[in-house]
Each structure stands twice: as C-alpha cells, then as structure tokens.
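Okay, structure first, notes after.
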Amino acid sequence: MFKKIIKGSRKHSKSDSTDASSRPPRSGNTGSDLNPNLVVNHASRPGQGAPPSTNSSSPMVPPPMCAVEPLPLLRDTPVSERQNLFMRKLQICCFLFDFTDVLKSAREKEIKRQTLLELVDYIQSGSGKITEICQEEMIKMVGINIFRSLPPASHENTGQGASDPEEEEPYLDPTWPHLQIVYELLLRYVVSSDTDTKVAKKYIDHSFILKLLDLFDSEDPREREFLKTILHRIYGKFMVHRPFIRKAINNIFYRFIYETERHSGTGELLEILGSIINGFALPMKEEHKLFLVRALIPLHKPKPIAMYHQQLSYCIIQFVEKDYKLADTVIRGLLKYWPLTNCQKEVLFLGELEEVLEATQFAEFQRCMVPLFRQIARCLNSFHFQVAERALFLWNNEHIVNLIALNRQVILPIIFEALERNIHGHWNQAVHGLTMNVRKMFMEMDADLFDECQREFAEKEARAQEVEEQREMTWKKLADVAAERGDNMLTV
C-alpha cells in the first residue's frame with residue numbers, strides 16, 4: 001500500500017512538471033515581467049495558500065499571451081463569457097511598444113489602441129458590472145503602462161544649467177497615442193457610479209497614489225492635465241485617502257522648495273489644492289494652517305514662480321477669505337520672501353498683495369501696516385517703472401484706500417519721502433503722474449498731516465544738506481593741510 005502511495009505521488013509530480021513545461025512562456029512585454037515592483041500586496045487580499053473560490057461564474061486569470069492578436073468584440077460575446085474576454089483584452093494592453101520607430105510593430109500598436117478604446121467604451125457604458133479580479137487586473141494593466149521612468153529634463157540632456165521654463169518647447173511623449181487612452185480608462189473607472197470604493201481602494205492604494213504623484217513631474221503638459229483630473233477625482237471619491245494625498249503633495253512641495261527648485265507639475269498640484277482649500281470646513285484645522293505657513297508661503301521663494309504664481313495666489317486668497325485672521329500671517333510671509341533683484345517677481349508679489357489686502361480686515365491690517373508700507377515705499381522708488389507703477393496702482397483699490405485713510409497718521413510719514421523723491425527725480429513720466437495723483441489724494445485726506453509731513457521732510461533734507469556740506473568742508477581742510485605740508489596725495 002505504501003509503495004502505491006509513493007508511485008501515485010511520483011505520477012502527480014511528473015504530470016505537474018509536464019503541464020508546466022507545456023505552458024507558453026511569459027512574454028517579455030507582460031506586466032509582471034516588465035515591472036514586478038508594480039504588484040502591491042494588501043493585507044485584505046487572500047494569500048498564496050488561500051483556497052480558490054468555488055464560484056464557477058467568477059472569471060479566472062487566463063494564461064499569459066505570447067503575441068498581440070485581435071480578439072472578438074465584447075458586445076458580440078455572450079454575457080457569461082465577457083469577463084474572461086475582458087481579462088484577455090487586458091493582457092493585450094499589457095504589451096509595451098517602442099514609439100521611436102513609427103513603422104515598427106504598427107499592426108500590434110493599432111490592435112492595442114483599438115482594444116483600449118473598446119475597454120474605455122465598455123467601462124463608460126456600464127454594459128456589465130466588472131468583477132473584483134477584473135478590477136485588480138485592470139489597475140495592474142494601467143500601472144504597467146503609465147508607471148515608468150520619466151525621460152530626463154531638457155536641461156539635463158544638454159548638461160547646461162536650467163533655463164527659463166517659459167522659453168522651453170514643451171516635451172511631447174511619443175507613447176501618448178496609447179498613454180492617453182490608458183489615462184482615459186483610469187478616469188472612467190474612477191468616476192463610474194458602478195465603481196465600489198470599498199473594493200477599488202484595495203487597488204488604488206497609497207502605493208498607487210504615490211506613483212501617480214511622481215508622474216506630475218512629466219514634461220508633457222497633456223499628461224499632467226490628465227493626472228490633475230484623475231487625482232482630483234480620486235480625492236473626491238476616496239475619502240479615506242484624503243489626508244495621505246495632502247501630506248504627499250506637501251512632501252513634493254518641500255523637495256521642490258528646499259532641494260530641486262524644479263518640478264513640472266507644481267501648477268497642476270496647486271490647482272487641485274485650490275479646489276480642496278475651497279472645501280475646507282470652518283473653523284479651520286490647525287493642520288491646514290500649518291500647510292499654509294510651511295508649504296504655500298515658502299513657494300514664493302523659488303525662481304520659477306511665474307510658472308505657477310496664478311494658482312499659488314488663488315490658494316493663498318482662499319485661505320484669507322476662509323479665515324480673515326490669516327491675513328497678517330500671509331502678508332508677513334510675502335514680505336519675508338520679497339525679491340530684491342528680480343523686478344518681474346516683484347510685480348507678481350504686488351499683484352498678489354493687492355488681492356490679499358482686499359480681503360484684509362482693519363485689525364489685521366494694523367498689525368502689519370508698518371513693515372508693509374516700508375516695503376511699498378521701496379517699490380515706489382524702484383527704477384524699474386513697472387514695479388513703481390504697480391505699487392502706485394494700489395491706490396486705485398477703494399478698500400485699500402479706506403484702510404490707508406483710517407491709518408493715515410502712521411502710513412503717510414512712512415511713504416511721504418518716497419512720493420517726494422518720485423516727483424523730483426523719477427525718470428518715467430507715467431510714474432511721475434501717478435505719484436502726483438497719490439500725493440493729491442493724501443493732501444485731500446488730511447491737509448494738516450500732509451503739511452506736517454512736508455515740513456519734517458524739508459527739515460530732514462536741510463539736515464542732510466548740512467551734513468553733506470560739513471563733509472565737503474572737512475575734506476577741503478584736509479586737502480589744504482596736506483598742500484601746506486607739501487605732501488603728495490596718492491590716489492589708488
């Protein structure tokens with residue numbers, strides 16, 4: 001009896017090895033061979049040793065395909081066989097192709113493209129509910145296609161320093177004909193009413209989201225636009241992932257501000273955050289205020305701020321409009337990172353400052369008005385006419401003029417000298433004219449205060465003139481003494 005058992009076990013092992021050798025080898029283009037790291041293990045999924053489901057209607061993962069061949073259409077297939085066919089079509093979509101050569105594998109590329117389009121249509125139409133195993137395989141297929149090493153930035157290819165991103169030609173990924181449809185498929189899956197978040201969150205997990213965020217550094221603007229829409233939809237649908245997404249975006253910003261100062265998707269990420277901030281409940285959590293102070297305000301520091309300033313400014317204004325007490329924090333943050341030599345950046349800061357002041361209340365304005373108008377006075381005297389002009393435009397805003405009028409006793413003495421110097425010495429005629437208008441406005445606000453400031457300015461100028469004359473007289477005496485002694489003065 002014992003010998004029979006041994007013989008039986010030998011037969012089984014022999015038949016198993018025969019079956020394994022007769023299976024087609026895995027193609028190099030399948031997802032598991034291309035990138036084994038894309039498979040994420042979840043505690044909620046059954047382990048390797050778990051018994052298979054006894055439900056005969058659930059589809060099984062078909063053996064890997066060795067070549068790309070056309071398959072029947074899903075709509076022409078009986079309902080009972082659609083899930084299995086769906087899985088086989090996903091396998092076709094796991095094949096990756098070289099798009100640097102347009103003619104290479106042209107037939108296979110077209111088959112994959114048509115298959116992807118059919119899958120998008122199938123998900124969008126809601127023709128049939130997709131089983132959990134199909135969802136898992138579909139997310140794996142999406143990962144195989146989109147999660148890849150991004151090509152180096154254009155300035156890295158040439159070995160030169162990073163040039164102005166606004167002047168660079170946008171990079172267009174050659175694989176976009178397939179990538180676009182894969183992104184469309186993911187988007188349709190996320191927004192579909194048939195998608196159960198309890199099931200989908202097993203596959204659209206933290207690892208998936210981190211890899212998705214890494215792709216925001218793509219130089220292809222079309223890809224970043226899709227990523228922005230998809231991540232925004234994921235944030236809206238998967239509430240469990242919201243704190244993680246915010247934290248992950250924070251980390252991207254920290255690396256951008258303090259390490260690289262180069263990231264292609266900062267504007268898109270800020271656009272998502274603008275919508276998120278708009279939905280913050282009141283009173284605002286301390287976590288959100290820390291995000292403002294530690295991430296958003298320091299984003300004013302990097303040089304390429306012009307690429308994302310519009311989105312950043314929108315986020316900042318949202319915070320101030322949500323909680324007016326944050327105005328003082330924001331204004332002091334702007335002053336901290338105020339540019340010293342970059343005039344175009346100064347113009348951006350002045351535009352943002354006007355929007356912040358428009359949402360600022362009286363008490364918060366009083367807290368920061370002294371350092372604020374010291375900086376504005378420096379801008380008024382800027383030799384770059386756009387900076388001086390933009391600073392003077394602040395007096396065109398009725399709310400800001402009202403705040404200034406209520407605090408004119410403090411503000412006018414700070415900026416009076418800057419106004420007088422513009423009138424007597426600025427080279428630009430437009431700046432000269434705007435300064436005259438602002439000066440007249442203060443004169444009409446409070447004539448006594450204006451006269452007092454004018455008198456103090458005249459006294460200060462007289463003292464300065466006296467000091468200058470004294471200095472010249474001292475040098476003249478030194479020169480006379482040296483001449484009397486017959487010493488020669490050497491000029492170095």
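The values are calculated or read from the model by the stated rules, or taken from the named source; none is laboratory data. Because the structure is a prediction, the values reported are computed rather than measured. All accessible areas refer to the heavy atoms of the entire protein, side chains included, with ligands and DNA or RNA removed. Shrake-Rupley method; radii C 1.70, N 1.55, O 1.52, S 1.80 Å.
Which lysines have a Cα lying under 23 Å from the Cα of Lys129, excluding residues fewer than 8 positions away in the same chain?
Lys89, Lys112, Lys140, Lys198, Lys201, Lys202, Lys237
If ligands, DNA and RNA are left out, what is the accessible area of Glu81 with a 1.4 Å probe, given in Å² to the nearest 10?
Spelled out: Glu81, probe radius 1.4 Å, area about 100 Å².
Accessible area per residue for region 418-492 in Å², computed with a 1.4 Å probe and the full protein assembly in place, what is it?
Computed with neighbouring chains in place, this is 77 Å² per residue.
Would you mind classifying region 252-332 by shape? Square roots of the alpha carbon gyration tensor eigenvalues, ordered a ≥ b ≥ c; an a/c under 1.5 is rounded, otherwise it is prolate if a/b is larger than b/c and oblate if not.
prolate
Rounded, prolate or oblate for region 334-492? Axes are the square roots of the Cα gyration tensor eigenvalues, ordered a ≥ b ≥ c, and the cut-off for rounded is a/c under 1.5.
It comes out prolate by the Cα gyration axes.
If Leu282, Leu290 are ordered by their accessible area, calculated over protein heavy atoms with a 1.4 Å probe, which sequence runs from highest to lowest?
Leu282, Leu290
Mind checking which lysines have their C-alpha under 18 Å from Lys345, skipping anything on the same chain fewer than 8 residues away?
Cross-link targets: Lys301, Lys303, Lys336.
Return the whole-Å distance between the Cα centroid of region 442-461 and the Cα centroid of region 370-407.
That distance is 18 Å.
Counting only protein heavy atoms, what percent of the accessible surface of region 349-471 is carbon or sulfur at a 1.4 Å probe?
Its accessible area is 50 percent carbon and sulfur atoms.
Using a 1.4 Å probe on the protein heavy atoms, what percent of the accessible area of region 184-256 belongs to carbon and sulfur?
About 52 percent, which is the carbon plus sulfur part of the accessible surface.
Given a 1.4 Å probe and heavy atoms of the protein chains only, how would you sort Arg75, Arg107, largest accessible area at the top?
These residues rank, largest area first, as Arg75, Arg107.
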